[in-house]
Amino acid sequence: MKQLTNALLTAAWISLAAHGGEKLRVVTTATDLAAIARYIGGERAEVSSIATGREDPHHIAAKPSYMLAAHNADLWIRVGMELEIGYEPPILEGARNPKILPGSPGHLDASLGALRLEVPTQRIDRSMGDLHPEGNPHYLLDPLNGRIVAKAIAARMARLRPADADYFAERLKAFQEDLDERMFGKALVKELGGANLWVLLLRGRLEASLRQPGRSKLGGWLGLMRPLRGRKLITYHRSWSYFVHRFGLTVAMEVEPKPGIPPTPARLTELISRIKAERIRVLLQAPHYSRKAGEMLARETGIRIVVAAMFPGGEPQVKDYFDVFDNLTGKLEKAFRD
Ligand SMILES: [Zn+2]
């Protein structure tokens with residue numbers, strides 16, 4: 001009996017050692033980062049997020065429970081570009097966990113490799129609203145940035161858990177394949193390869209490649225959005241710049257006169273005349289903004305309001321990173337078609 005117990009203990013110890021011991025504890029600020037980290041970390045990581053996906057990502061209060069989560073974390077991942085400037089410093093200070101402080105291997109700023117838009121070229125000040133001095137931080141709404149961030153997360157996880165490096169690399173490959181198939185459609189990815197399709201898209205050569213005889217049709221999110229290229233829409237906040245840029249839509253105006261500033265009566269009048277003059281069909285906004293301005297604009301102009309989650313958790317059906325785009329492209333396609 002004693003021998004059996006010893007054998008079991010040894011087996012348990014070996015499997016624990018083989019898996020690099022305990023799971024990697026990851027805490028992210030936002031739910032899109034958590035969804036990607038969960039995919040990459042698989043069964044070797046325990047991932048939680050500070051935000052739930054339902055709140056305004058610019059304004060989150062630092063609660064003691066967040067400090068406790070950060071205290072126990074091996075890896076802290078932030079969006080960066082000053083999105084968390086109001087709440088990250090007090091959480092990290094209260095966490096008393098030197099492993100996850102900026103500059104440590106346990107601190108990952110996901111924006112470092114991301115493609116950035118709207119980086120100010122002039123000096124900015126408070127009169128310009130809640131402007132982000134390092135550029136627009138809502139970069140995960142470009143699926144290409146999701147692909148880039150996934151790679152950075154996999155690399156950092158491997159650095160912290162070298163024994164699991166192969167596992168994280170496998171998970172990354174699966175994530176990228178999954179994302180590419182959802183972006184371009186399965187058939188096309190099989191024919192040309194996901195990475196290659198991104199290169200064609202970025203170089204403006206995808207159309208030419210699609211015209212070649214025998215080529216499969218463009219599917220996925222891009223296939224759904226392709227007929228809408230060039231269409232104008234209004235957005236509430238400058239939340240969707242990366243999405244519209246990648247999918248070829250145009251934002252005519254924002255409802256907010258400046259980022260973070262609610263619309264004034266003068267702004268609403270301006271919006272009404274612009275919507276009428278340019279026959280703009282769609283107003284896109286995240287669920288955490290007030291619907292009042294949108295409802296008024298809808299009454300005056302007939303514009304359709306599309307409310308779509310920016311983050312996993314923002315709507316009940318939006319659970320992971322891919323769901324954000326399934327939901328968003330589906331709703332937009334419908335709103336422009338009807
Ligand atoms: Zn913003």
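Computed values, structure above
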read-out	value
Tally, over the stretch 246-256, of residues that are within 16 Å of the ligand (Cβ to nearest atom) and in contact (Cβ under 8 Å) with a residue 60 or more places away in the chain	1
Strands (runs of 3 or more DSSP E) lying entirely in the stretch 223-338 (those with 1 or more residues that are within 17 Å of the chain's Cα centre (by Cα) and buried (at least 22 other Cβ atoms within 10 Å of the Cβ))	282-285
Answer residue from the stretch 222-245, given it is among the charged types (D, E, K, R) and over 24 Å from R116 (Cβ atoms) and is nearest to the ligand (Cβ to nearest atom) among those	R231
Given (1) outside any loop (DSSP other than H, G, I, E, B); (2) touching a Pro at 6+ places or on another chain (Cβ under 9 Å); (3) within 16 Å of the ligand (Cβ to nearest atom); (4) not acidic (D, E), index of the condition G94 fails	(3)
Cβ-Cβ under 7 Å pairs, at least 6 apart or on other chains, the stretch 128-143 side at positive phi and modelled with pLDDT under 75, far side assigned to a loop (DSSP other than H, G, I, E, B) and near the ligand (Cβ under 10 Å from one of its atoms)	G129/P259; G129/G260
Residue that is in a helix (DSSP H, G or I), within 16 Å of the ligand (Cβ to nearest atom) and hydrophobic (A, V, I, L, M, F, W, C), where the choices are L83, L68, L140	L140
Identity of the residue in the stretch 168-200, among the basic types (K, R) and over 30 Å from L24 (Cβ atoms), that ends up surrounded by the most Cβ atoms within 10 Å (Cβ to Cβ)	K186
Filter result (within 11 Å of A95 (Cβ to Cβ) and not hydrophobic (A, V, I, L, M, F, W, C)) within the stretch 50-64	P64
Criterion violated by R281 - all others in (1) within 16 Å of the ligand (Cβ to nearest atom); (2) free of Cβ contacts under 8 Å to residues at least 60 places away in the same chain satisfied	(1)
Residue within the stretch 291-300 that is within 16 Å of the ligand (Cβ to nearest atom), within 20 Å of R54 (Cβ to Cβ) and not β-branched (V, I, T) present	no
E118 being within 16 Å of the ligand (Cβ to nearest atom) and either touching a residue at least 12 places away in the same chain (Cβ under 8 Å) or over 21 Å from E43 (Cβ atoms) (or both)	yes
The lone exception for I50 - which of (1) within 16 Å of the ligand (Cβ to nearest atom); (2) touching a residue at least 40 places away in the same chain (Cβ under 8 Å) it fails	(1)
Set L24, L33, L75: member being in contact with an Asp or Glu (Cβ under 9 Å, 6 or more places away or on another chain), hydrophobic (A, V, I, L, M, F, W, C) and within 19 Å of L160 (Cβ to Cβ)	L24
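The values are calculated or read from the model by the stated rules, or taken from the named source; none is laboratory data. These numbers come from a predicted model, not from an experiment. When we count neighbours, we look across all protein chains shown, and the Cβ atoms used for this are built from the backbone with ideal geometry, even at glycine.
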